[in-house]
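Novice: First the structure, which I've put down as structure tokens, then a few questions once you've had a look.
The values are calculated or read from the model by the stated rules, or taken from the named source; none is laboratory data. Keep in mind the model is a prediction, meaning the values are calculated, not measured. Note that each Cβ is placed from the backbone with ideal geometry, even for glycine, and that neighbours are counted across all protein chains shown. For the accessible areas, the whole protein counts, side chains as well, though only heavy atoms, and no ligand, DNA or RNA atoms are used. Shrake-Rupley method; radii C 1.70, N 1.55, O 1.52, S 1.80 Å.
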Amino acid sequence: MIATQSYNSPTKHHASFQSMQNAMSSFTSNGCPSSKLIMGVPAYALHESNPGLVKTYEEVISEFISEQEGTVEQIDVSSINELNFWKGYWFDSASDVKEKCEYAKRKKYGGVFLWEIGQDKQISGLADGGILIESASEVAHSISSHLAQNEGDDTIKEEL
């Protein structure tokens with residue numbers, strides 16, 4: 001299991017897509033089979049000027065929601081799904097998590113984990129399982145649905 005966040009990120013975001021690619025490729029380029037790698041995705045935010053200031057994804061999204069007009073049900077979900085910077089804090093958005101999971105699928109990694117799943121934001125009726133975990137689940141569901149539709153076709157399994 002590889003935690004792909006970096007305090008030496010080429011961007012201000014500690015868990016940028018580029019940081020993740022660099023971390024994972026450092027293992028595969030040294031001979032580690034991609035199927036043995038489990039990619040870590042952080043569910044927390046670090047402040048851009050002081051990495052000692054940390055918030056959970058749940059804390060950041062709760063703050064964001066509380067400052068919006070109206071109720072949770074009235075908030076534009078796409079604004080939450082794309083949000084990866086808030087008041088000086090960088091973190092993975094739901095879209096970032098989905099993109100990283102799709103990358104892991106293309107690279108045939110052994111899997112993906114969230115660190116730490118309890119830091120995800122659950123919203124009743126919108127993201128009961130958590131915003132980030134549901135984004136990752138969409139990718140996993142697309143893999144299992146694809147396999148179920150093509151059961152017995154070994155060429156499909158090799159593609160995935």
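Novice: Could you list all residues from segment 117-133 that are open to solvent by 70 Å² or more (accessible area, probe 1.4 Å) and under 12 Å from the mean Cα position of the chain (by Cα)?
Specialist: Hit for segment 117-133 is 117, nothing else.
Novice: May I pose another question? One residue is enough: does segment 90-99 have a residue meeting the conditions in a helix (DSSP H, G or I), surrounded by fewer than 20 Cβ atoms within 10 Å (Cβ to Cβ) and either without any contact (Cβ under 8 Å) to a residue 24 or more places away in the chain or of a type in the set (D, E, K, R) (or both)?
Specialist: The answer is yes, given that some residue of segment 90-99 is in a helix (DSSP H, G or I), surrounded by fewer than 20 Cβ atoms within 10 Å (Cβ to Cβ) and either without any contact (Cβ under 8 Å) to a residue 24 or more places away in the chain or of a type in the set (D, E, K, R) (or both).
Novice: Give the number of residues within segment 134-143 that are over 12 Å from the mean Cα position of the chain (by Cα) and either modelled with pLDDT of 90 or more or open to solvent by less than 60 Å² (accessible area, probe 1.4 Å) (or both).
Specialist: So the count comes out to 3.
Novice: Any idea how many residues of segment 25-63 are among the charged types (D, E, K, R) and touching a Ser or Thr at 6+ places or on another chain (Cβ under 7 Å)?
Specialist: Final tally of qualifying residues: 0.
Novice: Touching a helix residue (DSSP H, G or I) at 6+ places or on another chain (Cβ under 8 Å), charged (D, E, K, R) and on the phi > 0 side of the Ramachandran plot, is that true of residue 121?
Specialist: no
Novice: Could you look through segment 24-57, keep only residues that are under 16 Å from the mean Cα position of the chain (by Cα) and among the β-branched types (Val, Ile, Thr), and pick out the one that is least open to solvent (accessible area, probe 1.4 Å)?
Specialist: Only one residue fits best here, namely 41.
Novice: Looking only at segment 58-89, which residues are open to solvent by less than 30 Å² (accessible area, probe 1.4 Å) and within 21 Å of residue 16 (Cβ to Cβ)?
Specialist: 60, 61, 64, 80, 83, 88, 89
Novice: Any chance segment 107-124 includes a residue that's in a helix (DSSP H, G or I), of a type in the set (A, V, I, L, M, F, W, C) and under 20 Å from residue 12 (Cβ atoms)?
Specialist: Among the residues of segment 107-124, not one is in a helix (DSSP H, G or I), of a type in the set (A, V, I, L, M, F, W, C) and under 20 Å from residue 12 (Cβ atoms), which makes the answer no.
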